[in-house]
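The values are calculated or read from the model by the stated rules, or taken from the named source; none is laboratory data. Worth saying up front: this structure is predicted, and the values here are computed from it rather than measured. Here the Cβ positions follow ideal geometry from the backbone for every residue, glycine too, while neighbour counts run over all protein chains shown. Heads up: the accessible areas ignore ligands, DNA and RNA and are worked out on the full protein's heavy atoms, side chains in. Shrake-Rupley method; radii C 1.70, N 1.55, O 1.52, S 1.80 Å.
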Amino acid sequence: MKALLNTITQFEQLATIIAQRIARLLCAEVLVLDRQACVIASSNPKLIKSSFNHIYPNIAVNYLRVPLSFNTQVGEVIVCQSQNGEVISSRLVQELVELVINQTTVIDTLVNQHQLKDKFIFDLLHGLIDDINVTRYSKLLGIDLTPPRAVILINNDISQQLQQENIETEIRQWANRTICSVVNFFHLPNDTICAYLGDGEVAVLKASDTKNLGIWANNGDVPEQCSCSWANLTALKRAARALLAYLQEETGLSVNIGIGRYHPQIRGLAQSYQDARAALSLGCRIAPCNQVHCLDGLGIAAFVGIGDERTKIELAAYLLSPLNHEPDLLATLDAFFAEDCCPSSTAHRLCIHRNTLSYRLDKVNLLTGLDPHHFDDAVQIRLALLLRKLSTSDPIGTPHVQ
């Protein structure tokens, strides 16, 4: 019952705004009726709570009727003849009503625009908003989603570091300070791409193209033929590490950061958020605080802890991508694992000298950053090779999920 009363109250508030704004724009008398044809709002206060059928002969012969709906409530907007003699088209009235509804429901009914921005980004990252509303709300909020963007997720279990009194206020203050620090660090014009998601999480929709990561990007960061979802990831991680140090200095609190890959199109932001959240969740369980976590830096935990099969396949292809044009090294690794990582038997199997084997394994380490002599690295390589073989018949680096 309380929810119903709140909906009716919001509908009446919306009706009042529509009546006042459209009357001012069109220089005409405007009424808003409920489903029983009772006037619930009007530019003429004397008509409110009257029956439209009762007052109709007294107000105008010519009028336009436009349907109105909000949540579960329906009604009509009545626009009478213009007071300055101008002809008013029903199409114009319809567009004005829709414009006022959009502006009112999107901005006027929330406490402030920051709350709307936070809700919009939350819905966007959780896939709860359709493409039409993404475009409409991003324009209303001034959020530019044109550049390719990846998600930087800043997490702090702030509730464990604060006293229980006024904890919600303190958490919000922490989020605001964090967002302000992010804006200053990246020299952003405003905070429209940052949002507090709740539970100690601040999301940053960071432009991840080379232009916007220029000071952190180096030549050779992206392996040849690497999937676009990993492009500029190395530069993004450098930026995140610098941001982490800046946040620690500014806030004095321990912070963890998760990095999501870039995924194409606006819908890709939800995938990038899932990457960042998975990396953050796993990373915080296996590493101390004040770290930057990304899927490619989680080691064996990424292959064990990530549930999404496609993500694991893409991670395997990325880890092996520096070996795309090194068939001898791939064959050497296959033989090395087939011989239980025994150098002598591997060299014998390949008909090469042990020094040649050592050279090849060192080259694998140099190219991939993973050392086949070290257990954890060897397991990663082995799992990546298995995932590649099980998931694709295409050339390495271009996995195809069956």
### Query
Leaving out ligands, DNA and RNA, what percent of the accessible area of region 9-99 is carbon and sulfur, probe 1.4 Å?
49 percent
### Query
Among 286-295, 323-332, what's the highest-first ranking by average C-beta atoms within 10 angstrom per residue?
286-295, 323-332
### Query
Using the alpha-carbon centroid of each, what span in Å lies between region 285-313 and region 315-349?
23 Å
### Query
S51 versus H373, label points 7 Å from Cα toward the beta carbon: distance in nm?
9.5 nm
## Note on the structure
A correct Kirkwood calculation over the Cα atoms of region 332-387 returns a hydrodynamic radius in Å of 11.1 Å
### Query
Ranked by accessible surface with a 1.4 Å probe, highest first, in what order do T192, T72 come?
T72, T192
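Say the cut-off is 30 Å between C-alpha atoms; which of K119/K237; K139/K211; K206/K389 go over it? Walk me through the intermediate numbers first.
Details: K119/K237 26 Å; K139/K211 23 Å; K206/K389 34 Å.
K206/K389, as the Cα separations exceed 30 Å there.
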### Summary
Residues other than E86 with Cβ under 15 Å of its Cβ, Lys/Arg counted +1 and Asp/Glu -1, net out at +1
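Rounded to a whole number, what is D in µm²/s for region 265-313 from Stokes-Einstein with the Kirkwood radius over alpha-carbon pairs (4 °C, 1.567 mPa s)? Please report the intermediate quantities before stating the final value.
On the way: Rh = 11.2 Å.
Stokes-Einstein gives a translational diffusion coefficient of 116 µm²/s.
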### Per-pair calculated FRET efficiency, R0 = 51 Å: H325 and R241 via Cβ, rounded to 0.05
0.95
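Please work out the average accessible area per residue across the chain, using the 1.4 Å probe convention, and give it in Å².
In whole numbers, the chain has 52 Å² accessible per residue.
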### Query
Considering only the other residues whose Cβ falls under 12 Å of the Cβ of S272, what net charge follows from Lys and Arg at +1 and Asp and Glu at -1?
+4
### Task
Lys and Arg at +1, Asp and Glu at -1: add these up for the other residues within a Cβ distance under 13 Å of A41 and post the number.
-1
### Spread of Cα-to-Cα distances over 20 Å intervals beginning at zero, given as percent, for the chain
22, 38, 26, 11, 3, 0
### Message
Among 139-146, 296-303, 170-177, how do they line up by average Cβ neighbours within 10 Å per residue, starting with the highest?
### Response
296-303, 170-177, 139-146
### Query
Carbon and sulfur atoms: what percent of the 1.4 Å accessible area of region 247-337 do they account for?
48 percent
### Query
Highest GNM mean-square fluctuation, the chain, Cα pairs closer than 10 Å: which of K46, K117, K237?
K46
### Query
Counting each DSSP H run of 4 or more residues in the chain as -39500 (n - 2.57), what helix-only mean residue ellipticity at 222 nm follows after dividing by all residues, to the nearest 500 deg cm²/dmol?
-16000 deg cm²/dmol
### Query
Long-range amide H contacts for H293: which residues qualify at under 5 Å (H placed 1.01 Å from N, peptide plane, sequence gap of 5 or more or a different chain)?
I257, G258, I259
## Note on the structure
Taking a straight Cα-to-Cα line shorter than 13 Å from K49, and setting aside same-chain aspartates and glutamates fewer than 8 residues away, one finds E12, D34
